[in-house]
Amino acid sequence: MNSMSVPPEPEDEPVFTPLSADEARQWRERNPSISPWWIVGGQVLVGLLGACVAWVGTGNQGVGWSVLYGAWAVAGPAGLYARALARGIGASFLLWELVKIGLTVALLVAAPKLVPGLSWLALLVGVVLATQMYWVALAVTRRDRKNGN
């Protein structure tokens, strides 16, 4: 027996069959991806809305700025990451993910110097609101796929 021979495939494993170009197109139509820019836009929007609600609700401008800054600390680096994805970063996506996380941490560390009347709780609310947009995007795409849209 030749040492370079390929062992037989187990019978219980399914055989991989590549899709044709038409089948791949149909699959993409049934399973559209969501644009990362939609997520970043949603993060900015919930940050702005959250900041307005916080400012009006508390009557404290610093609370509003804190919510907005918290959302920006997530949305800004996410926008940079989305731009890198749009440019076809390939295998370096992990590097860009680390850059995104590092920038978010740096922005949060800089918050006391940059946000007048900083409220850490409000800043955390902004971070959470912006971060939840990833889950909203997932829920929207799953709902669309379930409904056949």
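Structural remarks
- Residue-level check: of (1) closer than 21 Å to GLY62 by Cβ; (2) in contact with a helix residue (DSSP H, G or I) (Cβ under 7 Å, 6 or more places away or on another chain); (3) among the charged types (D, E, K, R), LYS113 misses just (2).
- Every pair of residues 6+ apart whose Cβ atoms lie under 6 Å, when the first sits in the stretch 92-107 and is in contact (Cβ under 8 Å) with a residue 60 or more places away in the chain and more than 16 Å from VAL40 (Cα to Cα) while the second is part of a helix (DSSP H, G or I) and among the charged types (D, E, K, R): none
- Reported count of residues in the stretch 111-133, each being exposed (fewer than 14 other Cβ atoms within 10 Å of the Cβ) and either in contact (Cβ under 8 Å) with a residue 24 or more places away in the chain or within 21 Å of GLY50 (Cα to Cα) (or both), is 6.
- Once the stretch 93-149 is narrowed to residues that are outside any helix (DSSP H, G or I) and more than 15 Å from ILE39 (Cα to Cα), the residue that is modelled with the lowest pLDDT is ASN149.
The values are calculated or read from the model by the stated rules, or taken from the named source; none is laboratory data. Every value quoted in this text rests on a predicted model; they were computed, and no experiment measured them. No Cβ is skipped: glycine too gets one built from the backbone with ideal geometry, and neighbour counts run over all protein chains shown.
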